[in-house]
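Notes to accompany the following structure.
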C-alpha cells in the first residue's frame with residue numbers, strides 16, 4: 001500500500017428532509033442555524049462521526065470509540081489498546097518487525113513487570129522518559145498506521161503520559177452550510193415512556209429541507225506522518241458517500257448524498273488552488289418564497305462555475321465525481 005500521493009480538495013453535498021441534521025445542545029437541540037442568513041449548519045465532527053460509525057460497522061477498528069459499549073476518554077482508550085497489544089506476543093512481533101531492537105527493549109520490560117497493566121505503567125515512568133520515548137513513539141505510530149484508520153484520516157492529539165504526540169489529520173472538513181435558505185418545521189412535543197410507566201417530554205425540532213455543502217481537503221504531507229494510504233482515501237470516499245443514509249436514526253432519517261467532486265492536483269501543487277469549492281456552486285429556489293423549498297426539485301443547482309474553474313486551472317490533474325439522483329455534473333478533466 002502506498003501513501004497518499006497527491007493533494008486534493010473536495011466538495012460534498014447531501015440533502016436533509018424533515019429531520020435534524022445536527023442538533024445544537026445550547027439551543028434545545030434545535031438544528032444548528034445561522035439565523036442572520038437562515039442557513040442550516042452542520043459541524044465537521046458530525047460528519048466525521050458518520051464516517052467513523054460506518055467504518056466500524058464495516059469491520060474497521062476505530063480509535064475514537066467506546067470500550068465494551070461504554071464511553072471512555074482518549075487516555076483510557078489508548079491505555080486499553082496498548083495493554084491489549086502488549087498481551088499479544090505474536091502481534092507485537094509483527095508490530096516491531098522493522099525495529100527488532102525496540103521489540104527486545106519492550107520484552108525486557110514485559111519480563112520484569114509480568115502483567116500488561118504493569119508494563120504500561122512502567123512505560124509511563126517519568127524517571128525513564130528519555131529511555132522509553134523512542135519505544136513509546138514507535139509503538140504509538142505503528143498502532144495508528146496498522147490499526148486505526150480514523151486517526152490516519154482525521155488525526156488526533158495524544159496527551160497521555162509517555163505517549164505525547166499530535167497527529168495532524170490529512171483529511172480536513174469545514175463546517176457545512178445549506179445552499180438554500182432553511183425554514184424550521186413547527187416543533188412538536190414528543191413523549192418517551194419509561195419501563196416504570198413514567199414519561200419524559202421534549203421538543204422535536206426539524207428542518208423542512210436543507211441542501212448542505214461541505215468543503216474539504218486531503219494533504220499528502222500530513223499523510224506521511226499519519227500513514228494515510230491511497231487505499232485509505234478510497235475507503236474515506238466510500239464511507240463519506242454511504243455513511244449518512246446507512247446509519248439512520250429517528251432524527252437523522254431522510255438524508256442522502258447528492259454530489260461529491262474531488263479535485264486532485266498535479267504533483268507539486270498545494271491544496272487550495274481553487275479556494276473553497278462551495279463558492280462556485282449556487283442553489284436557487286424556483287419559487288418566490290425561498291424558504292418554501294421542500295425538496296431538491298424546488299431548487300436549481302448550478303455547478304457551471306465549478307466546471308469552468310476546474311477546466312481553466314493548470315494545477316488540476318484529474319477530478320473524481322459521484323452524483324446522486326437528480327444531480328448532474330460535467331467533468332472537464334475525467335479521472336484517469
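With an 8 Å Cα cut-off and a minimum separation of 6 or more residues, compute the relative contact order for the chain in percent. It rounds to 28 percent for the chain. Using the alpha-carbon atoms, what tilt in degrees (0 to 90, nearest 10) does helix 74-86 show relative to the longest principal axis of the chain? Computed tilt is about 50 degrees.
Over all Cα atoms in region 219-336, the spread is summed up by Rg and Dmax: 16.7, 51 Å.
The alpha carbon convex hull volume per residue for the chain rounds to 173 Å³.
In region 226-336, Cα pairs under 8 Å separated by at least six residues give a relative contact order of 29 percent. Listed by Cβ neighbour count within 10 Å, with the fewest neighbours leading, 280, 221 appear as 221, 280. Rg and Dmax, both from the Cα atoms of region 74-147 and both in Å, are 11.2, 30.
Working from label points 7 Å from Cα in the Cα-to-Cβ sense, the residue 238 to residue 133 distance is 4.0 nm. Taking label points 7 Å from Cα along the Cα-to-Cβ direction, residue 28 and residue 250 give a separation of 1.7 nm. Taking every C-alpha pair closer than 8 Å and separated by at least 6 residues, the mean separation divided by the residue count of region 74-147 gives a relative contact order of 30 percent.
In this structure, residue 65 and residue 312 have a Cβ-Cβ separation that, at R0 = 51 Å, corresponds to a calculated FRET efficiency of about 0.75. Suppose R0 equals 35 Å; then what is the FRET efficiency for residue 146 and residue 321 from their Cβ-Cβ distance, rounded to the nearest 0.05? It comes out at approximately 0.65.
Between 151, 244, 82, the Gaussian network model of the chain with springs among Cα atoms under 10 angstrom shows the greatest mean-square fluctuation at 82. Among 40, 125, 254, the largest mean-square fluctuation in a Gaussian network model of the chain (Cα springs under 10 Å) belongs to 125. By its C-alpha gyration tensor, with a ≥ b ≥ c as the square roots of the eigenvalues, how is region 33-156 shaped: rounded for a/c under 1.5, else prolate for a/b larger than b/c, else oblate? Note, shape of region 33-156 comes out prolate. Once you place label points 7 Å from the Cα toward the Cβ at residue 295 and residue 333, how far apart are they in nm? With each label placed 7 Å out from Cα toward Cβ, I get 3.7 nm. Relative to the dominant Cα principal axis of the chain, helix 129-146 is inclined by about 50°.
Taking other Cβ atoms within 10 Å as a rough exposure proxy, 208, 60 sort from fewest to most as 60, 208.
Since every read-out is calculated from the coordinates, none of them should be taken as a lab result. This structure is a prediction, so every number in the text was calculated from the model and none was measured. Cβ: placed from backbone, ideal geometry, glycine included. Neighbour counts: every protein chain shown.
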